[in-house]
Amino acid sequence: MARDYTPDELLALYSVMLQDDSAPMRRVAVWELGRLGDPRGAAPLLAAITGDADWECRHYAIMALANTGGVAEAEALRELLTGDYLCQDGQCTAGPVPEALAAHLTEDLEYSARCCAGEQPRPTEDAGQHGNWWRGK
């Protein structure tokens, strides 16, 4: 019989998974942190956004942060938008972002910042495009 894990146990598990060598494993970790919706997951998600080597993991973390972050995370995301986070020259700390992905990431960073700031519903509460994506539709 499967046992139910507490939010504390899940938060600890997903946070440890973010250190895994496997990018797909880290993607699962950020996705699940977002689904957990616990504000304590915001710090590891923000760290993944700014430091993970895999851009897909970063993208998942941006959307997951929309479900967990608050005003401070909204400010951090907006700072990324005004800095060199999405630079194309490879000189930014996040590494070079593929050109085709830059515009999409800009939209999602803005979206996540608005969710964190309480300016619009979080993806898990939204019946629109991001809500459908988040629920796997």
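The values are calculated or read from the model by the stated rules, or taken from the named source; none is laboratory data. Please read all numbers here as calculations on a predicted model, not as lab measurements. Cβ atoms come from the backbone with ideal geometry, glycine included; neighbour counts cover every protein chain shown.
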Inset, instruction - Would you point out the residue of region 89-99, among those that are at pLDDT 60 or above and part of a loop (DSSP other than H, G, I, E, B), that is surrounded by the most Cβ atoms within 10 Å (Cβ to Cβ)? - result: V97
Inset, instruction - Considering each of A102, A47 in turn, give the residue that is of a type in the set (A, V, I, L, M, F, W, C), surrounded by fewer than 17 Cβ atoms within 10 Å (Cβ to Cβ), at pLDDT below 85 and assigned to a helix (DSSP H, G or I). - result: A102
Inset, instruction - Please work out which one of (1) crowded, with 18+ Cβ neighbours inside 10 Å; (2) over 18 Å from P123 (Cβ atoms); (3) not aliphatic (A, V, I, L, M) is the condition E9 fails and give its number. - result: (1)
Inset, instruction - Note down all Cβ pairs under 9 Å where the first residue falls in region 101-117 and is under 17 Å from E73 (Cβ atoms), the second is among the basic types (K, R) and part of a helix (DSSP H, G or I), and they're at least six residues apart or on different chains. - result: L105/R58; L109/R78; E110/R78; A113/R78; A117/R78
Inset, instruction - Tell me, yes or no, whether region 114-124 has at least one residue that is more than 17 Å from Y60 (Cα to Cα), modelled with pLDDT of 75 or more and not in a loop (DSSP other than H, G, I, E, B). - result: no
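A quick yes/no check of all residues on (1) free of Cβ contacts under 8 Å to residues at least 12 places away in the same chain; (2) out of contact with any Leu (no Cβ under 8 Å at 6 or more places or on another chain); (3) at negative phi:
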residue: P39; (1), (2), (3): no, yes, yes
residue: A43; (1), (2), (3): yes, yes, yes
residue: I49; (1), (2), (3): no, no, yes
residue: E56; (1), (2), (3): no, yes, yes
residue: A61; (1), (2), (3): no, no, yes
residue: L77; (1), (2), (3): no, no, yes
residue: C87; (1), (2), (3): yes, yes, yes
Legend entry - In region 59-88, residue surrounded by the most Cβ atoms within 10 Å (Cβ to Cβ) [restricted to those that are outside any helix (DSSP H, G or I) and modelled with pLDDT of 95 or more]: G69
